[in-house]
Structure formats: structure tokens, C-alpha cells
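The values are calculated or read from the model by the stated rules, or taken from the named source; none is laboratory data. This structure is a prediction, so every number in the text was calculated from the model and none was measured. Neighbour counts run over all protein chains shown; Cβ positions are idealised from the backbone, glycine included. These accessible areas exclude ligands, DNA and RNA; they are computed on the full protein's heavy atoms, side chains included. Shrake-Rupley method; radii C 1.70, N 1.55, O 1.52, S 1.80 Å.
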Amino acid sequence: MDCDCSNLDFFHRTGLERLFAVDAENFPAVVLSFISDDGIEFTQEEGYRLTEQDFPFGDIGTPFVIRQAEGGYRMYLTAVPEGETAGGAGGNA
């Protein structure tokens, strides 16, 4: 699968690296995840991590995951409101 590698983030869980990417070619866009034990070769995990039904604030993109001080992780996303565009000619961002 080709992906825009600017939309990636990693975190460790049980010794594995997990990478998140947005599949913007899928409509509506979805967040996918990939795992690796060496940080070089990644295998896509089955299913979607997040869909626009889970995050109904516009076209999702750029997942960014941080570890919280109290433990656990939090994902942040960009969203383009319905009817607007981002980047390129006529974009609002």
C-alpha cells in the first residue's frame, strides 16, 4: 500500500512499534495501523483504527500519538470541516 509518509506516528507497545497512517484514498478517510518488531519492516493490522464515524468532525488526517503522563496514549488528528478543502489551489489551510 502506498501512503503519504508525512502522516505517520509511532508508539511502543509490548516491544513492538506501531505506525498510524491515514488512507485518504478510501472515502471517507480511515486511520490504519501497522506493526513492526524491528522498526523497519511493517505489517498492516487488520481493520481500521478510526473512521469518520468515530471522529465526525470532518475529513480526518495526520494522526499524532503521544504518551500521557498518567499512562496510556492519546491520538490527535487534523480535520477539514465538510465543504472545505485543505492545501492546494482553493484550499483553506
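Checked against (1) at pLDDT 75 or above; (2) of a type outside the set (A, V, I, L, M); (3) in a strand (DSSP E or B), F11 passes all but a single condition, namely (1).
For the range 36-50, the tally of residues that are within 15 Å of L16 (Cβ to Cβ) and either hydroxyl-bearing (S, T, Y) or surrounded by 15 or more Cβ atoms within 10 Å (Cβ to Cβ) (or both) stands at 4. Would you confirm whether or not the range 56-63 contains a residue that is modelled with pLDDT of 80 or more, open to solvent by 70 Å² or more (accessible area, probe 1.4 Å), among the hydroxyl-bearing types (S, T, Y) and within 14 Å of L19 (Cα to Cα)? Among the residues of the range 56-63, not one is modelled with pLDDT of 80 or more, open to solvent by 70 Å² or more (accessible area, probe 1.4 Å), among the hydroxyl-bearing types (S, T, Y) and within 14 Å of L19 (Cα to Cα), which makes the answer no. Restricting the range 21-35 to residues that are of a type outside the set (F, W, Y) and not in a loop (DSSP other than H, G, I, E, B), the residue that is surrounded by the fewest Cβ atoms within 10 Å (Cβ to Cβ) is I35.
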